[in-house]
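Step one of this worksheet: look at the structure below.
The values are calculated or read from the model by the stated rules, or taken from the named source; none is laboratory data. Given the structure is predicted, the values throughout are model-derived calculations rather than measurements. No Cβ is skipped: glycine too gets one built from the backbone with ideal geometry, and neighbour counts run over all protein chains shown.
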Amino acid sequence: MAEISLYHPYPAAQVATWDYETDVAVIGFGAAGACAAIEAADAGARVMLFERGSGSGGASALSGGEIYIGGGGGSDAQRAAGFEDSTEDFAAYLKAAGGPCADEEKCDLYARESLAHYAWLKSQGVPYRGNYLPGKHIEPTDDSTLIWSGSEAAAPFCDIAKPAPRGHVIAHMGWGGGRPLVDILESRARDLGVDVVSDARAVALVQDGDRVVGVVVRIDNQPRFVKATNGVILCTGGFVFNDEMRRRYCPETFKINSPIGDQDDGSGIELGVGAGGDAIHMDQFFTTCPWTMPEPQAHGVFVNRAGQRFINEDCYHGRVSRCALDQPGEGVYLLLDIAHFDQPLEMAGMTIAGTGDSWEEVEGELGMAPGTLSATMAFYNVHAREGRDPLFDKKPPILTPLDQGPFVALELNFATSYFSFFTLGGLRTSTDGEVMGRDGKPVSGLFAAGRCTSGLPAWGHGYSSGFSLADCTFFGRQAGRKAAAG
Ligand SMILES: Cc1cc2nc3c(=O)[nH]c(=O)nc-3n(C[C@H](O)[C@H](O)[C@H](O)COP(=O)(O)OP(=O)(O)OC[C@H]3O[C@@H](n4cnc5c(N)ncnc54)[C@H](O)[C@@H]3O)c2cc1C
């Protein structure tokens, strides 16, 4: 018997008996897997879904259930709130937010199809209240639909694409809309006859020549051989809980300490690479520290250890946090005056590092050279009073002078503050979810979607809330349809 391994496929010729036979085998029951299974079953394929846990969920069920949607003139919620959103602006934002890692074809396709995808989600039973919640929110605290969830209104993005809020959140009271989102998708998949096998971990692909023809799953500690005539779809999530992979591909994440997700161990990426797939943007990750809560803190100014600003702070909290990590030393400071100070969230682990009746005093308490932080704040305040930020183009109303003493510097320490993070790199896929080989051609019979791939949320510095679930649900569907077609 050949070795069963994540790192190289099992030869089909050595499979003595197939334990299961199906058209499409989906691996992983988060949002990507659920959507892939629904579309494949809807297209008439026999679908089996293997999940290593005892039920559906993954990181998707832990999420806020927020999906990035727009274009086509605007969704019902966008239009009701007075926002027009052209497909061109939507695509331009997706590309800008993808930075050097953007997959332009995926951005264009999703921008064109996003409203149809929103309609599809609704037709699966995902409820949306349809209203707009103004302001800056990480997730709505009520059951509102539409929020600003990225850097749309901040430079440089607002100069590239007309700003519109695009974070669409499932109707669910408070944070945590991911669980009901997955429950709805699960029930739809089961209604369509998807055969769900839980406590079943994929441990190897099966290849016949160059074609993936099945998968080996471990059930009750026994290898079971699954023949998948049309193909296997990997939907296994990222690798944030695999220290070895992080060390190899994404070592910057060791500066921070709060991985989030559901055991994302990178197994799908390893399976895909073992079968000849290419893995790209493996160094990219999302991170954020919840520094915009309570809300007055969103008006603060960030400086690094040298007392220098490094970002327009009206960007998405995740972009600011990711740029903070690029700064030298162990952390950065959030500067506030008494008009904008409130007790920071305990979970954020942000602590008071310096106070004073002037910015010079704060500078001294932080041990910075005279004329560094104080000069930064003098320059900032002079221009903020005129409604300008000549250095970083931060915009009103977040741009306000911080000139009412006493003053405070809160430290966001990379090692001890709460910087949550998950990985963004993964298998390279076509817009149809085919895993692309290192030779530039699709790996026959192998598909993938969600965070085991590199998709819309490709660049940590540009991530916007809702990108990942948009990518998982939409490109999961693409993979399901393509695999069903054989
Ligand atoms: C707290 C939190 C909040 C978030 N909020 C949002 C948000 O509001 N909007 C947004 O866009 N993104 C959000 N994200 C990110 C987003 O939730 C994830 O990136 C996304 O859900 C990943 O979906 P997925 O289907 O690729 O993987 P997952 O949902 O993680 O599903 C993967 C599944 O595969 C299974 N699996 C893994 N390996 C195997 C194997 N070898 N064999 C069998 N099964 C396997 C896992 O058990 C899991 O069930 C959030 C993340 C977190 C942690």
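Points to keep in mind about this one:
- Residues of the stretch 456-486 that turn out to be small (Gly, Ala, Ser), within 9 Å of the ligand (Cβ to nearest atom) and outside any helix (DSSP H, G or I), as a count: 3
- Entry remark, the stretch 415-442: residues being part of a loop (DSSP other than H, G, I, E, B) and surrounded by 21 or more Cβ atoms within 10 Å (Cβ to Cβ) number 6 in total.
- Test: residue in the stretch 270-283 that is surrounded by fewer than 18 Cβ atoms within 10 Å (Cβ to Cβ), closer than 30 Å to LEU335 by Cα and of a type in the set (Gly, Ala, Ser): no
Yes/no per residue for (1) farther than 18 Å from GLY450 by Cα; (2) more than 12 Å from the ligand (Cβ to nearest atom); (3) in contact with an Asp or Glu (Cβ under 8 Å, 6 or more places away or on another chain):
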residue: ASP183; (1), (2), (3): no, yes, no
residue: ASP191; (1), (2), (3): yes, yes, no
residue: VAL212; (1), (2), (3): yes, yes, no
residue: ARG218; (1), (2), (3): yes, no, no
residue: PRO223; (1), (2), (3): yes, yes, no
residue: GLY272; (1), (2), (3): no, no, no
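- Selected residue (criterion: surrounded by the fewest Cβ atoms within 10 Å (Cβ to Cβ)) from residues of the stretch 158-183 that are under 17 Å from SER114 (Cα atoms) and of a type in the set (A, V, I, L, M): ALA161
- Here GLY445 does not qualify as more than 9 Å from the ligand (Cβ to nearest atom), surrounded by 24 or more Cβ atoms within 10 Å (Cβ to Cβ) and under 23 Å from ALA96 (Cβ atoms).
- Restricting the first member to the stretch 295-306 and to residues that are closer than 10 Å to LEU335 by Cα and at pLDDT 95 or above, and the second to residues that are assigned to a helix (DSSP H, G or I) and not hydrophobic (A, V, I, L, M, F, W, C), the beta-carbon pairs closer than 7 Å and six or more apart or on different chains are HIS299/HIS340; GLY300/HIS340; VAL301/TYR380; VAL303/THR376.
- Residue match in the stretch 120-142 (condition: within 14 Å of the ligand (Cβ to nearest atom) and in a helix (DSSP H, G or I)): yes
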